[in-house]
Amino acid sequence: MKPMRKITYSQAFVEGLDYCMRKLPNFSLLGNEVMGLGPQRVHLETIWRNYPERVNFPPTSEAAFSALAAGAAMSGEHVFCHLGAASFSFLSMTSIANEAATAHYASGGKIKVPVVFHMLHGLRIGGGTQHSMSPQSMYWNVPGLQIVLPSCARDAKGLVATACLSDNPTVMFTHDLLIGMEGEVPEADYEIPFGKADIKRRGKDVTLVATSYMVQVSLAAAEILAAEGIDVEVLDPRTLVPFDKKALIKSVAKTGRLVVADESHLSCGVTAEIAAIVAEEAFHHLKAPILRVARPDVPTPFSRPLEDFVTPTADKIAAAVRRVMG
Amino acid sequence: MMAKQSLNKAACVRVLERMLVIRRFEEALVEMSGQKLFKSHYHLYIGQEATAATVVESLRSDDKLVTTHRNHGHVLARGADPGAAFAEILGRATGLNGGRGGTLHMSAPELGFLATSSVVGGCIGLALGGAFAQQRRGRGGVSVAFFGDGSLEEGISFESMNIAALWKLPAVFLCENNGAGATGSAKGGFPSSLIAAPRLAGIAESLAIASSQIDGRDVDAVHRAVSRGVASCRAGRGPVFIECITERWEGSKPMWPELSTGITDVALAWESERMPKKYRDWHVHQDPILLHIRKLLRKKLISRAAVLQLDRKVIARNAAARQFAIASPMPRGKTALDSVYA
């Protein structure tokens, strides 16, 4: 069999956008530098070239152009709106949380808001306080939004397609360190359904739930642990809303142990919610307390040793897994 | 196509009817609030009816509109069912939005309304999106943002006007400046706007947006400005900004609305000797309904008897709408979990 081609997350993401451009004549793109300012930014240029009338570069006005995206979606357009670093999305918070998330509900189901708010998140080395944020848990506290965190090139292509075709507002997070990462990606168009977790590595001893880039870090941790005889199952929920509780509980029922890794802050973070689901609904399967690996509750420092200290790493995750193994 | 800048007789009467529909609706609402039929805070449009009732004359069925916390007038002027509107404010299952929105978020997407935002300035950003969609469709549709002077305190209003101007979007920024005569929270009244610009239209002019400032109580002035502005948008010449100036109605000055000028008596349009002295200024110079009736009588476009007859018809329909709402069932509590996602 011919080995599958390998392309970067960024290239795969652009293929997903291109599929939506072909599929939906009322789909357009709003925002600059969807794949950051690094070398991978060039892949977007094919979209700019092929669909010039459907690509819009707004001024630095996050509040207004995110509201524009929401309002256009309410008027029947599908819009992919890129907000840059996730910190900047707070300037758009009113459009996302007050407008896009509530319109369908408050209208009694009459209004649809097919918009995607995409942002770059995560500890990326040197991002400091305002270019490293991972606010996925904040958005998880806004009912009405779908939340998507691709962890690899293959998922990025299918998840961005599903997000853009969806009739619901979606917040989508791309981790800065995933943008240039290569992976096997099918050439054909495809969509990945929301609410279906993916087991990235099968194992029997511990369930390790991880999101976004933490999936890659967790796979590295699983390799370290495999050498020690610990067989880790890495479960990637792929979407927080809708959340695949079934797959989570099924895995915990098998392993009896849970570690959760995510880059949002520890308190009220993504890891807290996932731990709570298992504590409430699958406690009887647990053989050990649940452990979480998250960003400590401090703003993100710039200096490398300080940043390293707050970054969830394969070693920290492996240490947590060893602890739940007793 | 040149816009028609004056309304014909039938249109003048239609505008009057819309104004009466809004007025009778809101007068009933103050009573219903007093009867504790609903408990939320609410915002009245009394004194501003000329704007909504006239703007819709220039709009097509495929145009988009966005309104605010002060939305009753806009939604009714566009033709929403008053029974469903009352029901929405009372939180009934038969409401325009099934009771999910209430007075602050009343919306009628089937009439071209986008979501109704009660975040000050929110409607301006959404209307920008409506204008973006209209431009993409290329059929000459426009998007109208109805907002008050307070919205211009919000940064999103500047950002939105800037984008609309840069991209020549067909957005009608319709500012209903009801700040004149407002007391403000410092004097125990409802907050009034705090803006350094001496003329609100000047803010839009600084972005090279075609702007005008008119008397918002004067149906003809509103129609001239709006029909011209909408035609300009349809022709692809970019956004327009229209500042309609109205006096803050006495009843909207306190924190909670009051029917301080009484139930409207349309005969005061010609029986000036019966006007209560205390509110003479309102009845003579400010109430847009009385002003419009006087003008129609002067131009012989309507008779006194026809005015009374029209008002009676509106009052009867309003009473039936009110009854419909009061008789309507509440939604079942557990349906609160429905319709979060499409």
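Rule-based calculations on the coordinates, nothing more; no lab input. All figures in this text were calculated on a predicted structure; none of them were measured in a lab. Because the Cβ atoms are built from the backbone with ideal geometry, glycine has one as well, and the counts that use them run over all protein chains shown.
Things to note:
- Here the label points at residue B:139 and residue A:196, each 7 Å from Cα along the C-beta direction, are separated by 3.6 nm in the simple model.
- Other-chain or far-sequence residues with amide H under 5 Å of residue B:144's (modelled H): B:64, B:65, B:66, B:172
- Difference of contour (0.36 nm per residue) and Cα-Cα distance, residue B:6 to residue B:110: 34.6 nm
- Inter-centroid distance (Cα atoms) of segment A:179-201 relative to segment B:311-342, Å: 47
- Under 18 Å from a label point set 7 Å out along the Cα-to-Cβ vector of residue A:303, the amide N atoms of segment A:99-134 belong to A:125-130.
- Database note for chain A: Cys without another Cys beta carbon under 4.7 angstrom, A:81, A:152, A:268.
- Cβ neighbours within 10 Å from other chains - mean over B:152-159: 4
- Dipole magnitude of segment A:6-184 about its Cα centre (Cβ charges: Lys, Arg +1; Asp, Glu -1), debye to nearest 20: 180
- DSSP-defined antiparallel bridges as percent of all bridges, the protein assembly as shown, nearest 5: 15
- Computed from the C-beta positions of residue A:284 and residue A:223 and an R0 of 30 Å, the FRET efficiency is 0.45 to the nearest 0.05.
- Shielding by other protein chains, B:91-97, mean Cβ within 10 Å: 2
- Summary of packing: across the peptides B:272-278, B:93-99, the per-residue average of other C-beta atoms within 10 Å ranks them, highest first, as B:93-99, B:272-278.
- Listed peptides A:214-225, B:209-220, A:256-267, A:33-44 by packing density, highest first (mean Cβ within 10 Å): A:256-267, A:214-225, B:209-220, A:33-44
- Gained length - residue B:39 relative to residue B:319, 0.36 nm times residue gap less alpha-carbon distance: 98.8 nm
- Working from Cα pairs under 8 Å separated by at least six residues, relative contact order for chain A is 17 percent.
- Between residue B:255 and residue A:26, the modelled label-to-label distance comes to 4.5 nm, taking each label 7 Å out from Cα in the direction of the beta carbon.
- Positive-end ranking of B:269, B:310, B:255 along the dipole of segment B:210-342, with charges on Cβ about the Cα centre, is headed by B:310.
- Too-long pairs where the Cα-Cα distance tops 29 Å, listed order kept, from B:64/B:300; A:204/B:334; B:36/B:187; A:112/A:196; A:110/B:334; A:110/B:39: B:64/B:300; A:204/B:334
- Charge dipole (chain B, unit charges on Cβ, about Cα centre) - positive-most of B:5, B:134, B:225: B:5
- The charge dipole of segment A:198-325, taken about its Cα centre with unit charges on the Cβ atoms of Lys, Arg (+1), Asp and Glu (-1) only, comes to about 360 debye.
- DSSP bridge orientation in chain B - percent antiparallel, rounded to nearest 5: 5
- Dipole magnitude for the protein assembly as shown: about 1800 debye, using +1 per Lys or Arg Cβ and -1 per Asp or Glu Cβ, origin at the Cα centre.
- Centre separation in Å (Cα based) which lies between segment A:233-308 and segment B:83-100: 42
- Its DSSP H runs of at least 4 residues, each contributing -39,500 (n - 2.57), put the calculated 222 nm mean residue ellipticity of chain A at -10500 deg cm²/dmol, to the nearest 500.
- Residue-averaged [θ]222 nm for chain B, counting only DSSP H segments that reach four residues, each worth -39500 (n - 2.57): -12500 deg cm²/dmol
- Distance (nanometres) between label positions extended 7 Å along Cα→Cβ at residue A:189 and residue B:342: 1.9
- Fraction of antiparallel bridges per DSSP, chain A only, in percent to nearest 5: 20
- For segment A:6-184, the relative contact order works out to 30 percent when only alpha carbon pairs closer than 8 Å and six or more residues apart are counted.
- Relative contact order, whole percent, for chain B stands at 22, derived from Cα pairs under 8 Å and 6 or more residues apart.
- Averaged over residues, the count of other Cβ atoms within 10 Å places the peptides A:20-27, B:326-333, A:200-207, B:244-251 in the sequence B:244-251, A:200-207, A:20-27, B:326-333, highest first.
- The mean count of C-beta atoms from other chains within 10 Å of the C-beta of residues in A:91-97, rounded to a whole number, is 3.
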